[in-house]
Amino acid sequence: MTVKELEAQRRAKLKAAKPAVYEKVLKIKERFEQGIPTPIVDIVYSYACNLKCSHCCASKRFIPSRPRQKLTLETLRRFSDQAHAYGLCQFNLSGGEPLLLKNFDQVIEALQPDKFHLSMSTNGFFLDKEMARRLKNSGWDKVRISLDNFVEEEHDRNRNCPGAYKKAIQALENAKEADLSVVIQTMVSHQNCRSGQLEEMAKFATARGYAVDVLIARAIGELEGCHEVLIDEEDAKYISDLHKQYPVVHRDTFPAYGMDKGCGCVNAVLQLTPYGDILPCVYIHIAIGNIFEESLPDILKRGMSIKHFAEYNPKCLSGEDRGFIDKYMSKFYGKPLPISWQEAFTDEDFIS
Ligand code: SF4
């Protein structure tokens, strides 16, 4: 199947399942051309997790040492109302491990499944057949399941959990059986990029009807400061060539649905933390505002006034653009997270 055919298939599925969301999604291209951001919001309701992955980017430094206001079901509902009014159409619940949430059903309700395309990033440990059906029945559309490679011992070692590999493989099948869209999320570093494991994953995903989201390694979280893991230009070309051969392989810098957004900070992605901070991307731990202090449109306006996020960049700022990584990502190394936009940027970083 070509990229266009895959995209058409996904849009048709959304149109049938959630016609009102489909209508919003159709407007993204026009909004993009007018410079209006329509980000997918990655929502962290809690950082709690059952695994201890060696490449985890949800650093413990996100847990504040002093009490801070936290998201509640009411604030989440208010946020989803604001997001809907602004024209946003996609949420991704991450963490931590979202399937650990005790009030999971209420969180889903607060996210208003009829108004948004809902996906979730999970390690798959708790995604058994019953949970997969429950997700589908409650309005979930897609699951993104982390898988390192097909070497069981290596996956389990990376996750510090025997049995994690088997659970992840079974979760992929369970989600597919429940008619959820299935994405394998896999981290690719300079060390493993051209080892052949990504092609093996591409073949596996193509045969099973899954997609593969390539998450390039970032020198943050457990890998903070380890710049040797960052991919280089040859690695990036390899992934791009693999995408041509296996269209299910995707990076978020690749053009999609007739739009070439390049790096999608603010324009195509945002993250909401449990403390209300809005980050321009899951991997850039610099807050561009806080929903307890400002409205979402005001925060988006600020984000789009920062040159690095407003201007087109074909490279991923957080994992590929060495200039941005050296000058800005390194500013939050070793600090309580996130740092604020005032600490990270000066006047020269804003569009005058
Ligand atoms: S910094 Fe990288 S991961 Fe973040 S939005 Fe840009 S391309 Fe995507």
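The values are calculated or read from the model by the stated rules, or taken from the named source; none is laboratory data. Small disclaimer: the values here were computed from a predicted structure and weren't measured. Here the Cβ is made from the backbone with ideal geometry for all residues, glycine too, and neighbour counts use every protein chain on show.
Taking residue 70, is it among the basic types (Lys, Arg) and buried (at least 18 other Cβ atoms within 10 Å of the Cβ)? Spell out the reasoning first.
Details: among the basic types (Lys, Arg): yes; buried (at least 18 other Cβ atoms within 10 Å of the Cβ): no.
It is false that residue 70 is among the basic types (Lys, Arg) and buried (at least 18 other Cβ atoms within 10 Å of the Cβ).
Restricting the search to segment 224-242, which residues are aliphatic (A, V, I, L, M) and in a helix (DSSP H, G or I)?
Once the filter is applied, which keeps residues that are aliphatic (A, V, I, L, M) and in a helix (DSSP H, G or I), segment 224-242 yields 229, 236, 239, 242.
From 214, 182, which residue is among the β-branched types (Val, Ile, Thr), within 16 Å of the ligand (Cβ to nearest atom) and either in contact with a strand residue (DSSP E or B) (Cβ under 8 Å, 6 or more places away or on another chain) or closer than 30 Å to residue 4 by Cβ (or both)?
Working: 182 fails: within 16 Å of the ligand (Cβ to nearest atom).
Exactly one residue qualifies, and that residue is 214.
Please state which one of 94, 54, 121 is within 27 Å of residue 217 (Cα to Cα) and touching a helix residue (DSSP H, G or I) at 6+ places or on another chain (Cβ under 7 Å).
Answer to the selection: 54.
What do you reckon, is residue 148 modelled with pLDDT of 95 or more, of a type outside the set (A, V, I, L, M, F, W, C) and within 21 Å of the chain's Cα centre (by Cα)?
no
Looking at segment 173-223 only, could you name the residues that are assigned to a helix (DSSP H, G or I), modelled with pLDDT of 95 or more and surrounded by fewer than 17 Cβ atoms within 10 Å (Cβ to Cβ)?
Within segment 173-223, 173, 176, 177, 199, 200, 203, 207, 208 qualify.
Residue 104: among the hydrophobic types (A, V, I, L, M, F, W, C) and without any contact (Cβ under 8 Å) to a residue 12 or more places away in the chain, yes or no?
yes
Filter segment 249-283 for residues that are among the aliphatic types (A, V, I, L, M), crowded, with 24+ Cβ neighbours inside 10 Å and farther than 30 Å from residue 65 by Cβ and give the result.
Selection gives 249 alone.
The rows are residues; the columns are (1) within 15 Å of the ligand (Cβ to nearest atom); (2) hydrophobic (A, V, I, L, M, F, W, C).
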{"site": "236", "(1), (2)": "yes, yes"}
{"site": "240", "(1), (2)": "yes, no"}
{"site": "248", "(1), (2)": "no, yes"}
{"site": "260", "(1), (2)": "yes, no"}
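Mind checking whether some residue in segment 331-342 is part of a strand (DSSP E or B), away from the ligand (no atom under 15 Å from the Cβ) and touching a residue at least 60 places away in the same chain (Cβ under 8 Å)?
No, there is no match, as no residue in segment 331-342 is part of a strand (DSSP E or B), away from the ligand (no atom under 15 Å from the Cβ) and touching a residue at least 60 places away in the same chain (Cβ under 8 Å).
Can you report the number of residues in segment 266-286 which are in a strand (DSSP E or B), within 15 Å of the ligand (Cβ to nearest atom) and over 17 Å from residue 219 (Cβ atoms)?
The total comes to 5.
Please tell me if residue 170 is of a type in the set (S, T, N, Q), part of a loop (DSSP other than H, G, I, E, B) and modelled with pLDDT of 95 or more.
Against the criterion (of a type in the set (S, T, N, Q), part of a loop (DSSP other than H, G, I, E, B) and modelled with pLDDT of 95 or more), residue 170 does not qualify.
Against the definition (under 19 Å from the mean Cα position of the chain (by Cα), within 27 Å of residue 326 (Cβ to Cβ) and surrounded by fewer than 17 Cβ atoms within 10 Å (Cβ to Cβ)), how does residue 234 come out, yes or no?
Details: under 19 Å from the mean Cα position of the chain (by Cα): no; within 27 Å of residue 326 (Cβ to Cβ): yes; surrounded by fewer than 17 Cβ atoms within 10 Å (Cβ to Cβ): yes.
Spelling it out, it is not the case that residue 234 is under 19 Å from the mean Cα position of the chain (by Cα), within 27 Å of residue 326 (Cβ to Cβ) and surrounded by fewer than 17 Cβ atoms within 10 Å (Cβ to Cβ).
Can you run down the residue pairs with Cβ atoms below 6 Å, 6 or more apart or on separate chains, where the first is in segment 306-324 and aromatic (Phe, Trp, Tyr) and the partner is within 12 Å of the ligand (Cβ to nearest atom) and part of a strand (DSSP E or B)?
Hits for this filter: 309/265.
For the subset of segment 287-303 comprising residues that are touching a residue at least 24 places away in the same chain (Cβ under 8 Å) and touching a Gly at 6+ places or on another chain (Cβ under 7 Å), which member is nearest to the ligand (Cβ to nearest atom)?
Among them, the one singled out is 288.
Can you tell me which of (1) more than 14 Å from the ligand (Cβ to nearest atom); (2) out of contact with any Leu (no Cβ under 8 Å at 6 or more places or on another chain); (3) on the phi < 0 side of the Ramachandran plot is the one residue 306 doesn't meet?
Evaluating residue 306 over (1) more than 14 Å from the ligand (Cβ to nearest atom); (2) out of contact with any Leu (no Cβ under 8 Å at 6 or more places or on another chain); (3) on the phi < 0 side of the Ramachandran plot leaves (1) as the failure.
Of the residues that make up segment 306-313, is at least one crowded, with 17+ Cβ neighbours inside 10 Å and not hydrophobic (A, V, I, L, M, F, W, C)?
Within segment 306-313 (the criterion being crowded, with 17+ Cβ neighbours inside 10 Å and not hydrophobic (A, V, I, L, M, F, W, C)), the answer is yes, since at least one residue qualifies.
Quick check on my filter: what residues within segment 292-330 are of a type in the set (Asp, Glu), under 30 Å from residue 72 (Cα atoms) and outside any helix (DSSP H, G or I)? Talk me through it step by step, then tell me what you get.
Of all residues in segment 292-330, those of a type in the set (Asp, Glu) come to 293-294, 298, 311, 320-321, 326.
Then keep just the ones that are under 30 Å from residue 72 (Cα atoms); that gives 293-294, 298.
Listed by number, the residues that qualify are 293, 294.
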